[in-house]
Amino acid sequence: MDQTDLLKELRIGRDQRDEESSRLRWPWAVAVVVALGVLAGGVWMLRGTRSVAVEIVAAEAPVAGSETAAVLQATGYVTARRKATVSAQITGRLTEVHIEEGERVVQGQLLARLDDAQAKAALDLARAQLAAAQAAVAQSRAQAVLARQTLVRQRDLVARGLTPKQSYDQAKSGADGADAALLGAERQVEVARAQLEEARVNYDYTFVRAPFAGVIVDKAAQVGEIVSPFSAGGGFTRTGVATIVDMNSLEVDVDVNEAYIARIRPDQPAEAVLDAYPDWKIPAHVIAIVPTADKSKATVKVRVALESKDPRILPDMGVRVSFLEQAPKAGSAPPKGALVPATALVKREGGDAVFVVAAERARLTPVTAGPSYGDLRLIVSGLAVGARVVAKPPSDLADGARVHAVTASE
């Protein structure tokens with residue numbers, strides 16, 4: 001065998017190379033499949049054993065007369081029915097201002113004073129004119145008495161024929177004139193008294209007083225500024241001295257969607273919660289439904305009275321009002337069902353449901369929800385009293401998930 005034949009014997013064929021390559025690859029493929037299986041199994045095991053931290057509460061039994069159900073909620077603002085911007089009734093310069101913001105005042109209390117020099121001079125003049133008129137009355141009265149006495153004497157003399165009748169006529173005319181002068185003088189006294197009263201009123205206008213008891217919420221003018229009841233161009237004249245709010249007149253104005261206004265009626269009980277104090281529930285009731293609608297917002301204004309007066313309630317505060325059903329009668333039976341936090345309800349497939357915890361698993365349970373009782377919701381059917389439910393289910397909580405209880409603070 002020559003060298004060419006030997007080389008041909010040593011050459012490896014294509015089929016032999018493919019068979020050798022396949023024999024080397026299949027163990028690696030098996031190893032990859034096994035690794036992926038182990039990884040998937042581990043993920044499945046971790047998912048099955050992972051426990052979600054949730055707040056768990058027990059469903060409570062309703063108590064008769066404990067609370068009333070809310071039929072509607074609306075937002076609004078605290079308003080004052082008695083609020084006034086106090087101004088002077090005449091134009092003048094402020095010489096005294098006796099109030100500051102936040103100060104309580106009583107009705108008639110002096111708030112400020114205007115320059116009273118001119119008004120005081122007019123008052124003094126009116127007093128002098130009255131005194132002069134009264135002196136003129138005294139003089140006219142004396143003249144009238146003298147004229148009457150002269151008339152009597154002339155009547156006697158004429159009767160005895162000692163004086164002509166012309167003298168009597170002159171005496172009578174003089175007496176009538178004296179009476180008329182006296183009457184005119186008395187009328188002048190009345191005019192002088194009226195002028196004096198006018199001067200007193202104008203003088204009183206220099207004193208700015210509180211029209212009712214309340215709290216000063218705005219001090220609009222300072223000593224030395226000109227105030228006037230009329231608006232003046234240029235902005236150099238103040239039209240108000242201070243703004244007073246009667247804190248006893250505070251109430252709530254809420255806008256209710258006109259589609260739900262049929263649920264509201266006068267004297268209906270309600271509950272108000274200020275945005276500033278979300279844990280403070282203030283008893284309230286409906287005063288009136290304002291008989292007009294806002295076409296731009298499709299709402300109707302409802303006036304709500306606050307039954308609790310408190311310094312924490314301030315004008316223009318935001319407030320949420322829950323309109324309640326009528327309070328249950330004494331001795332009435334409690335509603336049937338179980339109470340859970342309103343946050344425990346979730347929507348699944350168009351219906352209400354809660355997560356009931358049993359054996360450390362959260363089971364999605366369909367329920368029928370009833371009215372609200374404050375922050376609680378009545379479950380009419382589907383849940384037993386005492387059942388443990390998830391108070392605030394996470395959005396990704398699945399049926400059958402493992403859970404463990406934590407407190408609300410955690």
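The values are calculated or read from the model by the stated rules, or taken from the named source; none is laboratory data. From a predicted model like this one, the values you see are computed outputs, not experimental measurements. Every residue, glycine as well, gets a Cβ built from its backbone with ideal geometry; the counts of neighbours run over all protein chains shown.
When the residues of the stretch 261-271 are filtered to those that are of a type outside the set (A, V, I, L, M) and surrounded by 15 or more Cβ atoms within 10 Å (Cβ to Cβ), which remaining residue is nearest to Asp310 (Cα to Cα)? Of everything passing the filter in the stretch 261-271, Glu271 is nearest to Asp310 (Cα to Cα). Could you say whether any residue in the stretch 327-340 is closer than 25 Å to Asp396 by Cα, in the same structural domain as Leu397 (by TED's automatic domain parsing) and either in contact with a His (Cβ under 6 Å, 6 or more places away or on another chain) or without any contact (Cβ under 8 Å) to a residue 40 or more places away in the chain (or both)? Checked the stretch 327-340: no residue is closer than 25 Å to Asp396 by Cα, in the same structural domain as Leu397 (by TED's automatic domain parsing) and either in contact with a His (Cβ under 6 Å, 6 or more places away or on another chain) or without any contact (Cβ under 8 Å) to a residue 40 or more places away in the chain (or both). Residues of the stretch 342-397 that are out of contact with any strand residue (DSSP E or B) (no Cβ under 8 Å at 6 or more places or on another chain) and among the small types (Gly, Ala, Ser): Gly350, Ala359, Ser395. Here Gln195 fulfils each of the conditions (1) at pLDDT 90 or above; (2) of a type outside the set (D, E, K, R); (3) in the same structural domain as Gly92 (by TED's automatic domain parsing); (4) more than 25 Å from Lys83 (Cβ to Cβ) apart from (3).
Do we find that Val356 is more than 25 Å from Asp255 (Cβ to Cβ) and free of Cβ contacts under 8 Å to residues at least 40 places away in the same chain in this structure? When the stated conditions are applied, Val356 passes them. Looking at Val286, Val304, which one is touching a Phe, Trp or Tyr at 6+ places or on another chain (Cβ under 8 Å), among the β-branched types (Val, Ile, Thr) and closer than 15 Å to Thr79 by Cα? Unique residue meeting the criteria: Val286. Number of residues in the stretch 379-402 that are surrounded by fewer than 19 Cβ atoms within 10 Å (Cβ to Cβ), within 37 Å of the chain's Cα centre (by Cα) and not small (Gly, Ala, Ser): the value is 3. Considering Glu225, Glu258, the condition of being farther than 30 Å from Ala288 by Cα, within 34 Å of the chain's Cα centre (by Cα) and surrounded by 14 or more Cβ atoms within 10 Å (Cβ to Cβ) is satisfied by Glu225 alone. All conditions but one from (1) closer than 22 Å to Gln268 by Cβ; (2) in contact (Cβ under 8 Å) with a residue 60 or more places away in the chain apply to Asp294; the one that does not is (2).
Apart from one condition, Pro291 fits all of (1) surrounded by 12 or more Cβ atoms within 10 Å (Cβ to Cβ); (2) in a strand (DSSP E or B); the exception is (1). Note on the stretch 161-183: among residues that are modelled with pLDDT under 85 and of a type in the set (S, T, N, Q), the one that is surrounded by the fewest Cβ atoms within 10 Å (Cβ to Cβ) is Gln166.
Flag: Asp204 matches the condition of being without any contact (Cβ under 8 Å) to a residue 60 or more places away in the chain, surrounded by 13 or more Cβ atoms within 10 Å (Cβ to Cβ) and under 30 Å from Thr91 (Cβ atoms). Contact annotation: residue pairs with Cβ atoms under 7 Å, 6 or more positions apart or on different chains, pairing a residue in the stretch 341-353 that is farther than 15 Å from Ala398 by Cβ with a partner that is among the acidic types (Asp, Glu), are Pro341/Asp375; Ala342/Asp375; Leu345/Asp352. Of all residues in the stretch 109-123, none satisfies being surrounded by fewer than 18 Cβ atoms within 10 Å (Cβ to Cβ), farther than 24 Å from Ile226 by Cβ and in contact (Cβ under 8 Å) with a residue 40 or more places away in the chain.
Looking for something surrounded by 15 or more Cβ atoms within 10 Å (Cβ to Cβ), modelled with pLDDT of 90 or more, assigned by TED's automatic domain parsing to the domain that holds Val286 and not in a helix (DSSP H, G or I) - is there at least one such residue anywhere in the stretch 88-103? No; the residues of the stretch 88-103 include none that is surrounded by 15 or more Cβ atoms within 10 Å (Cβ to Cβ), modelled with pLDDT of 90 or more, assigned by TED's automatic domain parsing to the domain that holds Val286 and not in a helix (DSSP H, G or I). Summed over the stretch 272-287, the residues that are loosely packed, with under 13 Cβ neighbours inside 10 Å and more than 13 Å from the chain's Cα centre (by Cα) give a count of 2.
Among strands (runs of 3 or more DSSP E) entirely within the stretch 345-392, having at least 2 residues that are closer than 26 Å to Glu325 by Cβ singles out 346-348, 351-358, 368-373, 376-381.
Within the stretch 136-160, the set of residues being of a type in the set (Gly, Ala, Ser) and surrounded by 13 or more Cβ atoms within 10 Å (Cβ to Cβ) comprises Ala136, Ser140, Ala144, Ala147.
Checking the stretch 214-233 against the condition returns a match, with at least one residue being within 30 Å of Thr95 (Cβ to Cβ) and touching a helix residue (DSSP H, G or I) at 6+ places or on another chain (Cβ under 8 Å). Here is a check on your reading of the model: is Asp310 within 30 Å of Gly214 (Cα to Cα), at pLDDT 90 or above, out of contact with any Lys or Arg (no Cβ under 9 Å at 6 or more places or on another chain) and loosely packed, with under 14 Cβ neighbours inside 10 Å? So Asp310 does not fit the description; no.
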